[in-house]
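Only one structure is covered here, and it is reproduced in the block below.
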Amino acid sequence: MMEAPAIYAVSMNPFDGSGEQERIAAWSELVSLERAQRISRFRRWEDQWRSLAGDMLVRYVLKERYGLPDSAILFKRNADNKPELVGGEVQFNVSHSGIWTVAAYHSELVGIDIEKVGIADMELARSMFAPAEYEALCRVSAERRNRFFYDIWTGKESYIKALGKGLSIPLDSFSVIEEADGIGAGKCGSAIAEAESARLWYLRSYHVADGYALSVCTLSPVRSNGVNMVNAAQLL
């Protein structure tokens, strides 16, 4: 069986940013000048932190888990403008929301999405979810609805990110729920049939923290090895 994707997560200080401004400055020295200048334009330190943490987390895991030296960690953008490692030994994808930045690594295409759970936007679901997804969302109990909305949302985003096609793929053109019971978004074995080919994509939800939804999408059934937590201090 193919090795499960590796999932890593790092969180910021959610209170006052104590020490994080210094961390941002240190991290900015480790990325390209163009990247550092682009990130510095973000007005909020939280946005700067999340963007840089994604860069640092990718590099950290490529070195620590995959044994790549700094000289081998070079990035490019593919035809769909998706960042990838030169040489393609390891596929990766990054997402962030709230205090969390997460990344997924795999030997094949992989997508990841994390969202802080809020109130289910039923009007958005009606207009952007597949009919089966919206109907299932309407059927679930009120206490489950918010979480279920974000399980569907992160599942859809992780699929689009794995493909690297962005919003050129209409969100209502595919479903991420298990049709059998209509309430299985993100469970292992949930499959998405790709319209252009016979490929199946598989989803799984992971727990990173209470109040967050996290989904990963790959081309093979996803086994769960859990989420590897990294301290921000390790990323220098």
Mind listing whichever residues of segment 62-90 are under 18 Å from Ala4 (Cα atoms) and in contact with a helix residue (DSSP H, G or I) (Cβ under 9 Å, 6 or more places away or on another chain)? Leu62, Glu64, Glu89, Val90
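Within segment 68-89, is there a residue that is within 23 Å of Arg223 (Cα to Cα) and out of contact with any Pro (no Cβ under 9 Å at 6 or more places or on another chain)? Break it down into steps so the answer makes sense when it comes.
Let us first name the residues in segment 68-89 that are within 23 Å of Arg223 (Cα to Cα), namely 88-89.
Filter once more, keeping what is out of contact with any Pro (no Cβ under 9 Å at 6 or more places or on another chain): 88-89.
Yes, some residue in segment 68-89 is within 23 Å of Arg223 (Cα to Cα) and out of contact with any Pro (no Cβ under 9 Å at 6 or more places or on another chain).
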If a residue has to be at pLDDT 90 or above and under 13 Å from the mean Cα position of the chain (by Cα) to count, how many in segment 151-172 make the cut? 11
Of the listed residues (Ala185, Ala209, Ala213), the one being in contact with a helix residue (DSSP H, G or I) (Cβ under 7 Å, 6 or more places away or on another chain), at pLDDT 85 or above and either not acidic (Asp, Glu) or not in a loop (DSSP other than H, G, I, E, B) (or both) is Ala213
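Scan segment 110-120 and give yes if some residue there is loosely packed, with under 13 Cβ neighbours inside 10 Å and modelled with pLDDT of 95 or more, otherwise no.
Restricting attention to segment 110-120, the residues satisfying the condition of being loosely packed, with under 13 Cβ neighbours inside 10 Å are 118-119.
Those still in the list that are modelled with pLDDT of 95 or more too: 118-119.
Checked against the condition, which is being loosely packed, with under 13 Cβ neighbours inside 10 Å and modelled with pLDDT of 95 or more, segment 110-120 yields at least one hit.
Quick one: which strands (runs of 3 or more DSSP E) lie wholly within segment 1-120 and hold at least 3 residues that are of a type outside the set (D, E, K, R)?
So the answer is 6-11, 91-97, 100-106, 110-116.
Out of contact with any His (no Cβ under 6 Å at 6 or more places or on another chain), within 14 Å of Val94 (Cα to Cα) and not aromatic (Phe, Trp, Tyr), is that true of Leu62? Break it down stepwise before answering.
On the way: out of contact with any His (no Cβ under 6 Å at 6 or more places or on another chain): yes; within 14 Å of Val94 (Cα to Cα): yes; not aromatic (Phe, Trp, Tyr): yes.
Yes, satisfied.
Just the residues that are polar (S, T, N, Q) and over 18 Å from Ser32 (Cα atoms), please, taken from segment 50-101. Break it down stepwise before answering.
Within segment 50-101, the first condition is being polar (S, T, N, Q), and the residues that meet it are 51, 71, 78, 81, 91, 93, 95, 97, 101.
Selection gives Asn78, Gln91, Asn93, Ser95, Ser97, Thr101.
Can you work out which of the residues in segment 210-222 that are of a type outside the set (A, V, I, L, M, F, W, C) and in contact with a Lys or Arg (Cβ under 8 Å, 6 or more places away or on another chain) is surrounded by the fewest Cβ atoms within 10 Å (Cβ to Cβ)?
Of the residues in segment 210-222, the ones of a type outside the set (A, V, I, L, M, F, W, C) are 210-212, 215, 218, 220-221.
After this cut, where a residue has to be in contact with a Lys or Arg (Cβ under 8 Å, 6 or more places away or on another chain) as well, the list is 211-212, 215.
On the way: Gly211: 12, Tyr212: 21, Ser215: 31.
Only one residue fits best here, namely Gly211.
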State all residues of segment 41-90 that are exposed (fewer than 14 other Cβ atoms within 10 Å of the Cβ) and small (Gly, Ala, Ser); if no residue qualifies, say none. Gly67, Ser71, Ala79, Gly87, Gly88
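Would you say Ala26 is within 16 Å of the chain's Cα centre (by Cα), of a type outside the set (D, E, K, R) and on the phi < 0 side of the Ramachandran plot? Before you say what the answer is, go through the steps one by one.
Numbers: within 16 Å of the chain's Cα centre (by Cα): no; of a type outside the set (D, E, K, R): yes; on the phi < 0 side of the Ramachandran plot: yes.
No; evaluated as a whole, the condition is false for this residue.
Matching residues to (1) among the β-branched types (Val, Ile, Thr); (2) surrounded by fewer than 19 Cβ atoms within 10 Å (Cβ to Cβ):
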{"site": "Ser95", "(1), (2)": "no, no"}
{"site": "Ser107", "(1), (2)": "no, yes"}
{"site": "Met122", "(1), (2)": "no, yes"}
{"site": "Arg145", "(1), (2)": "no, yes"}
{"site": "Asp151", "(1), (2)": "no, no"}
{"site": "Thr154", "(1), (2)": "yes, no"}
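Residue under question is Glu46, and the condition is that it be closer than 26 Å to Lys165 by Cα and acidic (Asp, Glu); does it hold? Step through it out loud before you land on a result.
On the way: closer than 26 Å to Lys165 by Cα: no; acidic (Asp, Glu): yes.
So Glu46 fails the test.
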Residue that is farthest from the chain's Cα centre (by Cα) [pool: residues in segment 1-20 that are at pLDDT 75 or above and closer than 15 Å to Cys217 by Cα]: Glu3
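The values are calculated or read from the model by the stated rules, or taken from the named source; none is laboratory data. Model, not experiment: these values are computed from the prediction. Methodologically, a virtual Cβ is constructed for each residue, glycine included, from the backbone with ideal geometry; neighbour enumeration extends over all protein chains shown.
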